[in-house]
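Following: one structure in structure tokens, then a few remarks.
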Amino acid sequence: MIYSQKVLDHFKNPRNVGKIKNADGVGKVGNVVCGDVMYLYIKVEKNKIKDIRFETFGCTAAIATSSMITEMAKDKTLKQALDLGKQEVANSLGGLPPIKLHCSLLASDALAEAIYDYLKKSKKDIPEDLVKKHKRIVKEKHLIKEKYKEWTDVEDKIRS
Ligand code: FES
């Protein structure tokens, strides 16, 4: 079996799918390898993630890791949520095939971007590591826009 039972379960029954109206933070990221895109929405209360939802235009691994990271991040403090990297998410799913590891970056980047967005909007201090990550993600988003413009335009239309 290429995928673990957990991956298949989260792919077939993804948790926390959808948008949050008036989200406190929104992360939109793309994957430079394949052009897939993910949106992640968070509601924050007392420095903890109280609600979290996602929309992912991606493969089996991208859907499963998106679903898993929402479960892992819920009720965590922002700092704890920022520590959820692609490897932690992949491990929680019982692993991913090496060729699909890049897909799990989408989920951890989207969560980081949503937290960045929240901290920026609420004029709170943004950790240096997160600023660096944000800059890398913005660069990648430009590359994706250039490379996959037709595709990402269609995705934007589907979402609106
Ligand atoms: Fe694009 Fe998996 S192939 S995220």
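Residues of region 18-42 that are farther than 23 Å from LEU101 by Cα and surrounded by fewer than 17 Cβ atoms within 10 Å (Cβ to Cβ): GLY18, LYS19, LYS21, ASN22.
Of all residues in region 94-123, those being within 13 Å of the ligand (Cβ to nearest atom) and aliphatic (A, V, I, L, M) number 7. Restricting the search to strands (runs of 3 or more DSSP E) fully inside region 1-81 and requiring at least 2 residues that are among the basic types (Lys, Arg) and either in contact (Cβ under 8 Å) with a residue 40 or more places away in the chain or more than 16 Å from the ligand (Cβ to nearest atom) (or both) gives 48-57.
Considering (1) more than 14 Å from VAL26 (Cα to Cα); (2) of a type in the set (Val, Ile, Thr); (3) surrounded by fewer than 24 Cβ atoms within 10 Å (Cβ to Cβ); (4) in contact with a helix residue (DSSP H, G or I) (Cβ under 6 Å, 6 or more places away or on another chain), the lone condition that THR65 does not fulfil carries the number (3). PHE11 passes every criterion in (1) surrounded by fewer than 17 Cβ atoms within 10 Å (Cβ to Cβ); (2) modelled with pLDDT of 95 or more apart from (1). Within region 115-150, the set of residues being assigned to a helix (DSSP H, G or I), loosely packed, with under 11 Cβ neighbours inside 10 Å and acidic (Asp, Glu) comprises GLU128, ASP129, GLU146, GLU150.
Determine which member of the set VAL154, VAL89 is under 25 Å from PHE11 (Cα atoms), under 13 Å from the mean Cα position of the chain (by Cα) and part of a helix (DSSP H, G or I).
VAL89
The values are calculated or read from the model by the stated rules, or taken from the named source; none is laboratory data. None of these values were measured; they are calculated from a predicted model. Note that each Cβ is placed from the backbone with ideal geometry, even for glycine, and that neighbours are counted across all protein chains shown.
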